[in-house]
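The values are calculated or read from the model by the stated rules, or taken from the named source; none is laboratory data. What you see is a predicted model, and the numbers here were worked out from it, not measured in a lab. A quick note on method: Cβ atoms are made from the backbone with ideal geometry, for glycine too, and the neighbour counts reach across all protein chains shown. In case anyone asks, the SASA skips ligands and DNA or RNA and just uses the protein heavy atoms, side chains included. Shrake-Rupley method; radii C 1.70, N 1.55, O 1.52, S 1.80 Å.
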Amino acid sequence: MSNSLTERRAERLLAESDSLKVPVAVEKVARHLGLIVQARPLGDASGVLVVESGRGMIGYNANHSQVRQRFTIAHEVGHFVLHAAGQQQRLFVDKSVFRRDQASSKGDDREEIEANQFAAALLMPEMLLRAEIERLGLDLDDEVDVGELARRFAVSTAAMSFRLENLRLIRGSM
Ligand SMILES: [Zn+2]
């Protein structure tokens, strides 16, 4: 699995937008790219990315929890950076963006998997994660400590656990 390019692109974007801080200010990162970010009544969708004339607008579900909204925005930023670059028109409509069983997704979900990997790297950069774990002396075998780490990064505990597994900072539960 080679997602180191995704990791580097996310890190570079964080550095360029002066956003390598916990919790990552994801809307600031989006605005750095010239994206408009707005809460919308989206029904059962989590988020949309609308690219018109090369300019992008992210809409996120106004009724979702803050951690979910943050992941959605980061996911749409991923689509913009990875899949809409240089395009005049593109539309992404996302239902449920974070899925636990990414490995079982089909090939045509490639863009969704990439956007999720980018979102995780953007909201939970490896260097900041390692620094926080060290600074706070967290025990990642302890669910309470993983929950605390998730709270500090303003992500869901599920997203944090999945990220820690991917970085092999904890063993997978499957
Ligand atoms: Zn998507």
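The table below gives the values:
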{"quantity": "Complete set of residues in region 82-101 that are of a type outside the set (A, V, I, L, M, F, W, C), open to solvent by 50 Å² or more (accessible area, probe 1.4 Å), within 12 Å of the ligand (Cβ to nearest atom) and in contact with a strand residue (DSSP E or B) (Cβ under 7 Å, 6 or more places away or on another chain)", "calculated": "90"}
{"quantity": "Matching entry among 135, 171, 163 (being open to solvent by 60 Å² or more (accessible area, probe 1.4 Å) and modelled with pLDDT of 95 or more)", "calculated": "135"}
{"quantity": "Count of residues meeting criterion [without any contact (Cβ under 8 Å) to a residue 40 or more places away in the chain and not in a helix (DSSP H, G or I)] in region 152-174", "calculated": "6"}
{"quantity": "Strands (runs of 3 or more DSSP E) lying entirely in region 36-81 (those with 1 or more residues that are open to solvent by 30 Å² or more (accessible area, probe 1.4 Å), out of contact with any Asp or Glu (no Cβ under 9 Å at 6 or more places or on another chain) and among the β-branched types (Val, Ile, Thr))", "calculated": "36-40, 47-52"}
{"quantity": "Some residue of region 135-151 being among the basic types (Lys, Arg), part of a helix (DSSP H, G or I) and either within 20 Å of residue 72 (Cβ to Cβ) or under 13 Å from the mean Cα position of the chain (by Cα) (or both)", "calculated": "yes"}
{"quantity": "Test: residue 37 is within 14 Å of the chain's Cα centre (by Cα) and under 21 Å from residue 11 (Cα atoms)", "calculated": "no"}
